[in-house]
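A short write-up of the structure that comes next.
The values are calculated or read from the model by the stated rules, or taken from the named source; none is laboratory data. Keep in mind the model is a prediction, meaning the values are calculated, not measured. Heads up, the Cβs are rebuilt from the backbone with ideal geometry, glycines too, and the neighbour counts pull from every protein chain shown. The area values use the complete protein model at the heavy-atom level, side chains included, leaving out ligands, DNA and RNA. Shrake-Rupley method; radii C 1.70, N 1.55, O 1.52, S 1.80 Å.
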Amino acid sequence: MFSNQGEVLVQSQVIPALTSQHKLRLVLDNTQQSPVQQSNTFRLLGVERGAHQLQLQALDQNGKLIAESSVTTFYLRKTTITSPK
(Lines give C-alpha, C1' and ligand atoms only; values in the text may rest on other atoms or scores of the structure.)
Protein backbone atom coordinates (compact mmCIF):
# COMPACT_ATOMS: atom_id res chain seq x y z
CA MET A 1 0.00 0.00 0.00
CA PHE A 2 1.33 3.45 -0.93
CA SER A 3 0.42 6.68 0.86
CA ASN A 4 2.77 9.62 1.10
CA GLN A 5 0.35 11.28 3.56
CA GLY A 6 0.09 8.20 5.78
CA GLU A 7 -3.65 7.87 5.14
CA VAL A 8 -5.15 4.40 5.45
CA LEU A 9 -8.82 3.53 4.87
CA VAL A 10 -9.98 0.39 6.68
CA GLN A 11 -13.28 -1.25 5.77
CA SER A 12 -14.59 -4.30 7.57
CA GLN A 13 -17.46 -6.72 7.35
CA VAL A 14 -18.97 -8.06 10.57
CA ILE A 15 -20.93 -11.31 10.43
CA PRO A 16 -23.40 -11.62 12.04
CA ALA A 17 -24.25 -7.93 11.88
CA LEU A 18 -24.01 -5.93 15.08
CA THR A 19 -27.10 -4.78 16.93
CA SER A 20 -27.67 -1.08 17.56
CA GLN A 21 -26.21 -1.53 21.06
CA HIS A 22 -22.87 -2.87 19.81
CA LYS A 23 -19.92 -0.74 18.75
CA LEU A 24 -16.62 -1.28 16.96
CA ARG A 25 -13.13 -0.07 17.69
CA LEU A 26 -10.02 -0.33 15.58
CA VAL A 27 -6.68 -1.15 17.14
CA LEU A 28 -3.47 -0.27 15.28
CA ASP A 29 -0.22 -1.59 16.72
CA ASN A 30 -1.92 -2.32 20.07
CA THR A 31 -3.33 1.23 20.37
CA GLN A 32 -7.01 2.18 20.00
CA GLN A 33 -7.29 4.48 16.98
CA SER A 34 -10.67 6.12 17.20
CA PRO A 35 -13.71 6.44 19.41
CA VAL A 36 -15.96 3.40 19.36
CA GLN A 37 -18.47 3.58 16.54
CA GLN A 38 -21.10 1.60 14.67
CA SER A 39 -19.63 2.28 11.24
CA ASN A 40 -17.43 -0.43 9.77
CA THR A 41 -15.21 2.10 7.98
CA PHE A 42 -12.23 3.73 9.67
CA ARG A 43 -9.88 6.41 8.32
CA LEU A 44 -6.40 6.54 9.81
CA LEU A 45 -4.14 9.55 9.34
CA GLY A 46 -0.44 9.98 9.95
CA VAL A 47 0.48 6.32 9.75
CA GLU A 48 4.24 5.97 9.40
CA ARG A 49 5.87 3.80 6.76
CA GLY A 50 6.60 0.20 7.66
CA ALA A 51 4.78 -2.83 9.04
CA HIS A 52 1.62 -2.36 11.10
CA GLN A 53 -0.90 -4.64 12.78
CA LEU A 54 -4.67 -4.05 12.71
CA GLN A 55 -7.42 -5.65 14.75
CA LEU A 56 -11.15 -4.94 14.89
CA GLN A 57 -12.94 -5.36 18.21
CA ALA A 58 -16.68 -5.51 18.92
CA LEU A 59 -17.98 -4.17 22.23
CA ASP A 60 -21.33 -4.52 23.97
CA GLN A 61 -23.37 -1.61 25.35
CA ASN A 62 -21.22 -1.61 28.52
CA GLY A 63 -17.94 -1.43 26.62
CA LYS A 64 -17.10 -5.07 27.29
CA LEU A 65 -15.17 -6.87 24.54
CA ILE A 66 -17.44 -9.49 22.95
CA ALA A 67 -15.51 -10.42 19.80
CA GLU A 68 -12.34 -9.57 17.94
CA SER A 69 -10.84 -10.29 14.56
CA SER A 70 -7.53 -11.93 13.99
CA VAL A 71 -4.60 -9.55 13.69
CA THR A 72 -3.86 -8.43 10.13
CA THR A 73 -0.45 -7.11 9.13
CA PHE A 74 -0.07 -4.52 6.39
CA TYR A 75 2.90 -2.60 5.07
CA LEU A 76 2.74 1.11 4.28
CA ARG A 77 5.15 2.45 1.70
CA LYS A 78 5.83 6.03 0.77
CA THR A 79 7.18 7.10 -2.59
CA THR A 80 10.65 8.62 -2.53
CA ILE A 81 13.06 9.82 -5.19
CA THR A 82 15.23 6.74 -4.62
CA SER A 83 12.29 4.30 -4.73
CA PRO A 84 9.48 5.56 -6.97
CA LYS A 85 6.32 3.53 -7.38
What nm value, rounded to one decimal, do you get for the distance between Glu7 and Gln32 when each label is placed 7 Å out toward the C-beta?
2.6 nm
Within the chain, what whole-number % of the accessible surface is contributed by carbon and sulfur, with the 1.4 Å probe and all protein chains included in the calculation?
50 percent
Once amide H atoms are placed 1.01 Å from N in the peptide plane, what residues at a sequence separation of 5 or more from Ala67, or on another chain, have their amide H within under 5 Å of its amide H?
Ala58
Short to long, in 5 Å steps from zero, the percent of alpha-carbon pairs of the chain per bin is 3, 13, 25, 22, 14, 10, 7, 3, 2, 1
Long-range amide H partners of Val36, meaning residues 5 or more apart or on another chain whose placed amide H is closer than 5 Å, are none
Let's test the formula: R0 of 25 Å, r as the Cβ-Cβ distance of Ala51 and Val14. What FRET efficiency results, to the nearest 0.05?
0.50
Apply the Karplus parameterisation 6.51 cos²θ - 1.76 cosθ + 1.60, with θ equal to phi minus 60°, to every residue of region 55-71 and state each ³J(HN,Hα) to the nearest whole Hz, in sequence, with x for glycine and proline.
8, 9, 10, 9, 10, 7, 5, 9, x, 7, 5, 10, 6, 8, 7, 6, 7
Solvent-accessible area per residue, Å², over the chain with all protein chains present [probe radius 1.4 Å]:
69 Å²
Figure the gain on full extension for Gln21 and Gln61 (residue separation times 0.36 nm, minus the Cα-Cα span) and round it to one decimal in nm.
13.9 nm
